[in-house]
1. What are the lysines whose alpha-carbon lies under 25 Å from the alpha-carbon of residue 6, with same-chain residues fewer than 8 places away excluded?
2. Carbon-plus-sulfur fraction of the accessible area of the chain, 1.4 Å probe, in percent?
3. Tell me the Rg and the Dmax, in Å, that the Cα atoms of segment 1-78 produce.
4. Using a 1.4 angstrom probe with every protein chain in place, what is the largest-first accessible-area order of 103, 95?
5. Considering only protein heavy atoms, what per residue accessible area in square angstrom results for the chain with a 1.4 angstrom probe?
6. Compute the Kirkwood hydrodynamic radius of segment 63-123, taking the inverse of the mean of 1/r over all pairs of distinct Cα atoms, and give it in Å to one decimal.
Amino acid sequence: IEEMEKLLPWVEKGFDVVIGSRDVADSHLDKRQSFIREFGGKTFNKIVQLFAIRGIKDTQCGFKLFTARAAKEIFEKQRIEGFGFDVEILILAKTAGYEIRETGIRWVNAPDSKVHIILSPLRMLKELFIIRMNLIRGAYK
C-alpha cells in the first residue's frame, strides 16, 4: 500500500485505471522471483499480448487502482475468479474506453506465493481462452 503515492497522481491526471508494474523503466524489484517463475510470467504475458490485450507489460501485478466509476462498471461484468481475472478486468477496461496507465512500483517477491509453477499457468491459459470466447460471444455487454 505504500506504493499508492505512485498511482494516485495518474488518477488525478485523468487515468481511470492505473497499474503497478514490475516491467517498466521506473520499477524497482527488491527481491526477484526465481528464474523459472520470472520466465513463466514473461511467457504468459507474451501470450496475453498476442491473444488478449496489447500494450500492457505486466497484467499480473496485483497492484491496481480504479476510479469508482471504472471499478463499478468493470467488476460488474467480471466473470473469471482465478488468476486470469487480471487480464479480464484490463480487457473490460480497455473495451469500455477507460484510460489505462502502467507505472513502476517497488516490488518484493513473496516466497509463500500460492502460484503453482505448473498448474497455475495451465489454469490461466484456460481462463484466457474463456475470456476470448466471452468477448467473441458478446458476454460482457
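1. Qualifying lysines at Cα under 25 Å: 31, 42, 57, 64, 72, 94.
2. Values: 5140 of 8590 Å².
Carbon plus sulfur share of accessible area: 60 percent.
3. 14.0, 38
4. Ranking 103, 95 by accessible area, largest first, yields 95, 103.
5. 61 Å²
6. Answer for segment 63-123: a Kirkwood hydrodynamic radius of 13.5 Å.
The values are calculated or read from the model by the stated rules, or taken from the named source; none is laboratory data. Keep in mind that this is a model prediction, so the values were computed, not measured. With ligands, DNA and RNA removed, areas are computed over all heavy atoms of the protein, side chains included. Shrake-Rupley method; radii C 1.70, N 1.55, O 1.52, S 1.80 Å.
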